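Read the structure below first, then the notes.
The values are calculated or read from the model by the stated rules, or taken from the named source; none is laboratory data. Quick caveat, the model's predicted, so the values are computed rather than measured. Every residue, glycine as well, gets a Cβ built from its backbone with ideal geometry; the counts of neighbours run over all protein chains shown.
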Amino acid sequence: MIEVDSLTRRYGETYALSNVSFSVAAGEIVGFLGPNGAGKTTAMRILTCTLAPTAGVARVGGHDVTRAPLAVRSQVGFMPENISLYPDNRVHEFLRFVARLKGVPGARLKKHLADIVGQTGLAEVENRLVAHLSKGFRQRLGLAQALVGDPEILILDEPSAGLDPHQNVEIRQLIHDFRGRKTVLLSSHILSEVSLTCQRVLILDRGRLVAEEDPQILALHSGSWPQVTLRWDGVRDEVYRALAALEGVAEVIATAAGADVSLRADPRQMRPQLAAAVIGAGGSLQGMTDRVVSLEDLFLRLTGDRISSGSRRGPAGPDEREETEQGEGT
């Protein structure tokens, strides 16, 4: 559904993308990872026909982004990182406006929008002015407008930004449920988030593709599984064995006060099992804290000190600012 071959975008002597090639199959969910300035937003803007490439080819749904932009846009739902919303519209008014732009037939408009509002958790603010929405609900509305028209392909730039943990789990599950039904390319800064949603991860460093892997394998190799730190009083060895025996636990590392537990599963779902294992083995649980491994940690492992290196001119890589001068961030 998405094919990219030697994609390059250059601003003068600065490369935002340099010879990037990848593909996303129909029904696949792929994560696009990289720190600010890596080129994620540049790639997504090219794929959604809002920015032209300097060189290379990109096809979405079988259509070339430069030769058939309208055909591409008709198949894509796009959620930019900073979405433009109309503050004087109510939520339901804004979604109806988007539906009219996308040509949703009037006969199914009411049910279609009701389904989207339910999926994205917007029911409680459906009649609220956009200007009065919190950051979290603005993110939900951004995702909702991308879903209008039931596009085959979704391109989502930082869909979890600004969401609280509960909202994050809901949106993550919604995206996960698209597997096999929609083609999804999403960007994020957090590897652990993508490892729980995506089937494959593409990592950009200064406009170049530096890694392409199953996210769980990549996390294991980089030591970047989601982690929970447990503290307890009492027995030690018995609790370590009980934790290690749990399905979904990748590794248990002993600490002075308890253990750091690396997980293959969602920490939110594993907490009750972790607590029960500690107590069942004879420990007195004192605390449980999530630890999210940042993408920057992973980059330091993959690229050493190249992240903080100096000038990035020419084809060796793009400038760290990427599109700041164009008014867009990554």
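Yes/no per residue for (1) free of Cβ contacts under 8 Å to residues at least 12 places away in the same chain; (2) of a type in the set (A, V, I, L, M); (3) crowded, with 23+ Cβ neighbours inside 10 Å:
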{"residue": "12", "(1), (2), (3)": "yes, no, no"}
{"residue": "19", "(1), (2), (3)": "no, no, no"}
{"residue": "27", "(1), (2), (3)": "no, no, no"}
{"residue": "40", "(1), (2), (3)": "no, no, yes"}
{"residue": "46", "(1), (2), (3)": "no, yes, yes"}
{"residue": "55", "(1), (2), (3)": "no, yes, no"}
{"residue": "67", "(1), (2), (3)": "yes, no, no"}
{"residue": "75", "(1), (2), (3)": "no, no, no"}
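So if I check each of 16, 25, which one is touching a strand residue (DSSP E or B) at 6+ places or on another chain (Cβ under 6 Å) and either under 17 Å from residue 188 (Cβ atoms) or not β-branched (Val, Ile, Thr) (or both)?
One residue alone meets the criteria, 16.
Just name the residue that is farthest from residue 185 (Cα to Cα) out of those in the stretch 39-69 that are among the small types (Gly, Ala, Ser) and in a strand (DSSP E or B).
Per the criteria, the residue is 55.
Can you tell me which of (1) at pLDDT below 95; (2) surrounded by fewer than 22 Cβ atoms within 10 Å (Cβ to Cβ); (3) not in a strand (DSSP E or B) is the one residue 92 doesn't meet?
(1)
Restricting attention to the stretch 31-38, does a residue exist that is in a strand (DSSP E or B), farther than 18 Å from residue 158 by Cα and not acidic (Asp, Glu)?
no
Restricting attention to the stretch 131-147, does a residue exist that is at pLDDT 95 or above, surrounded by fewer than 22 Cβ atoms within 10 Å (Cβ to Cβ), in the same structural domain as residue 8 (by TED's automatic domain parsing) and of a type in the set (Lys, Arg)?
No - not one qualifying residue is present in the stretch 131-147.
Conditions tested, residue by residue: (1) outside the structural domain of residue 182 (by TED's automatic domain parsing); (2) small (Gly, Ala, Ser); (3) farther than 27 Å from residue 198 by Cβ.
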| position | (1), (2), (3) |
| --- | --- |
| 35 | no, no, no |
| 41 | no, no, no |
| 49 | no, no, no |
| 68 | no, yes, yes |
| 76 | no, no, no |
| 86 | no, no, yes |
| 102 | no, no, no |
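In the stretch 156-184, what count of residues is obtained for those that are more than 17 Å from residue 142 (Cβ to Cβ) and hydroxyl-bearing (Ser, Thr, Tyr)?
1
Restricting the search to the stretch 44-59, which residues are at pLDDT 95 or above and of a type in the set (Val, Ile, Thr)?
Of everything in the stretch 44-59, those that are at pLDDT 95 or above and of a type in the set (Val, Ile, Thr) turn out to be 46, 48, 54, 57.
Being at pLDDT 85 or above, in a loop (DSSP other than H, G, I, E, B) and of a type outside the set (A, V, I, L, M, F, W, C) is the requirement here; does residue 247 meet it?
Yes; evaluated as a whole, the condition is true for this residue.
Please go through the stretch 77-98 and give me each residue that is within 21 Å of the chain's Cα centre (by Cα) and free of Cβ contacts under 8 Å to residues at least 40 places away in the same chain, ordered by number.
Within the stretch 77-98, 84 is the sole residue that qualifies.
Do we find that residue 269 is under 13 Å from residue 228 (Cβ atoms) and not in a loop (DSSP other than H, G, I, E, B) in this structure?
Considered against the rule, which asks whether it is under 13 Å from residue 228 (Cβ atoms) and not in a loop (DSSP other than H, G, I, E, B), residue 269 comes out as yes.
Could you identify the single residue in 208, 181 that is farther than 26 Å from residue 10 by Cα and either of a type outside the set (Asp, Glu) or surrounded by fewer than 22 Cβ atoms within 10 Å (Cβ to Cβ) (or both)?
Only one candidate passes the filter, namely 181.
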